[in-house]
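Report on the following structure.
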Amino acid sequence: MALTLCGFAGSNYYNKVKLQLLEKGVAFEEELVWTGLKDNPALSTRSPLGKVPFLQTEHGVIVESSVCSEYVESVYPQNPLMPRDPFAAAKVRELVVYLELHMELVARELFGPAYFGAPPAAPEKLEQVRKTLKKGIAGFAKLAKFGPYIAGDTFTLADCAAIMHFPTIAGVGKLVLQEDVFADLPVRDYLKAMKERPMVAKVVAEAKLGNEQLMAKIRGGK
């Protein structure tokens, strides 16, 4: 049974795992699965919380993008995106945690007004998110190398996460918080350089189409 990545290309977490698979040269298929558990057996029977992405493997389903990424690295050792040295590997995981827990998930609280036409957030909510997000970014800045990759001189899982999460976080800053939240980091130059990688360019282009498909679905109320 082929490895199947399930979800949709409008999800930055889906695209993180997709980029990992492509960069490693792992053969896989994609299955379009929308979120929303009601009348959606493709999701409800495999993802307990109705989250994407998840991996359909020959042994069963694996949920949560971080767990999917760890599985892929373990089962497909070619073109590794995690250092072999335990400390260096821990530092990559550390960067991913900061990106997702302290930055992306904080910005996600304003995804509604930023991307999906929800009413503006209350001023106190904006300031709460602004303060927490800036704290997370400041912490990340102390860890990230941008040398030229997030963890140093080698492309790793931290780059798969950063490439997919930076634009959505920056969008919340621009569209809702009215500021460049990455003003003190070389994020723009980094993303420009990363897009020169063929697999990054492919995933970014398909993510754009995926976002258009997602917005059409939302507008259609389906």
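Coordinate-derived values only; no laboratory data. Just so you know, these numbers come straight off a predicted model, no measurement behind them. Cβ atoms come from the backbone with ideal geometry, glycine included; neighbour counts cover every protein chain shown.
Observations on the structure shown:
- Sorting 4-13, 94-103, 197-206 by average packing, meaning the other beta carbons within 10 Å per residue, from highest down gives 4-13, 94-103, 197-206.
- Taking a point 7 Å out from the Cα of Asp39 in the direction of its Cβ, the residues of the range 199-221 whose backbone N falls within less than 14 Å of it are 221.
- For volume of the Cα convex hull per residue in Å³, the candidate list reads (i) 107; (ii) 125; (iii) 160; the entry that matches the value derived from this model is (ii).
- Only helices enter the 222 nm calculation for the chain: every DSSP H run of n ≥ 4 contributes -39,500 (n - 2.57), and dividing by all residues gives -16500 deg cm²/dmol, rounded to 500.
- Share antiparallel - DSSP beta bridges, the chain, percent rounded to 5: 65 percent
- In this structure, the amide hydrogen of Tyr149, modeled 1.01 Å from its nitrogen in the peptide plane, lies closer than 5 angstrom to those of Thr154, counting only residues at least 5 positions away or on a different chain.
- For the chain, a simple Cβ point-charge model (Lys and Arg +1, Asp and Glu -1, everything else neutral) yields a dipole of about 420 debye relative to the Cα centre.
- Taking 0.36 nm per residue of separation and subtracting the Cα-Cα distance, full extension of the segment from Val26 to Asp189 would add 55.9 nm.
- Furthest towards positive pole of dipole, Met194, Leu99, Pro123, structure part the chain, Cβ charges: Pro123
- Taking the DSSP bridge list for the range 4-75 and keeping only pairs wholly inside it, about 65 percent are antiparallel.
- One Cα centroid belongs to the range 22-60, the other to the range 151-222; the line between them spans 22 Å.
- DSSP H segments from the chain that extend 27 Å or more along their own axis, Cα-based, with Kyte-Doolittle mean of -1.0 or above: 123-143, 198-220
- GNM remark for the chain: springs join alpha carbons under 10 Å apart, and the peak mean-square fluctuation among Lys16, Lys91, Lys125 falls on Lys125.
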